[in-house]
Amino acid sequence: MEKLPFDPQSWGVDDTSLWAREVAKLNADTVQSLLDNEVDGSTLVALEKEDLRTELGMKSLAARKYLWHAIERVRWQHESSDYSLAIDLHQKEIDGLAAQHPGDANKKKRGHHHHHHHHSCCNG
């Protein structure tokens, strides 16, 4: 099985039918109706529940339910990947702030050191 792009928004029609067959394990009719309607990834995640019946012409309630759950899983994976990315960025900001603090500590030390130096000069 080929590897699907992680981001469903970037799936082409072929990727979507691959997903439908291999990942979602949809029946041949459903896969075919996705192909016939040229449903790509961004179309897939934007589908409304009603579209499955009206647009894709899926008569079977069971098949629609099955497809709908599969789409929800894709959406959820996509959103959670965005979410983990956001957390990662947030973590970088925190690290960035932490990196600035030693700078402050060094300034204090340097000031102290300077004072110390000054002191020894007076002794001399």
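Rule-based calculations on the coordinates, nothing more; no lab input. Computed from a prediction, not measured in an experiment: that's the story for all the values here. Cβ sites come from the backbone with ideal geometry, for glycine too, and all protein chains shown count toward neighbours.
Numbers at a glance
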{"read-out": "Burial order of peptide ranges 44-57, 84-97 (average beta-carbon count within 10 Å, highest first)", "value": "44-57, 84-97"}
{"read-out": "Loop trypsin sites (Lys or Arg not before Pro), segment 56-87, which have at most 11 other Cβ atoms in a 10 Å radius of their Cβ (DSSP)", "value": "LYS59"}
{"read-out": "Rounded, prolate or oblate (a/c below 1.5 giving rounded, otherwise prolate when a/b exceeds b/c) for segment 1-87 by Cα gyration tensor", "value": "prolate"}
{"read-out": "Spherically averaged projected area in nm², based on the convex hull that wraps the Cα atoms of segment 1-49", "value": "3.2 nm²"}
{"read-out": "Computed FRET value (nearest 0.05) for ASN27 with LEU85, which takes r as the C-beta separation and R₀ as 35 Å", "value": "0.55"}
{"read-out": "Pairwise label distance in nanometres, HIS69 with GLU38, each label 7 Å out on the Cα-Cβ vector", "value": "3.2 nm"}
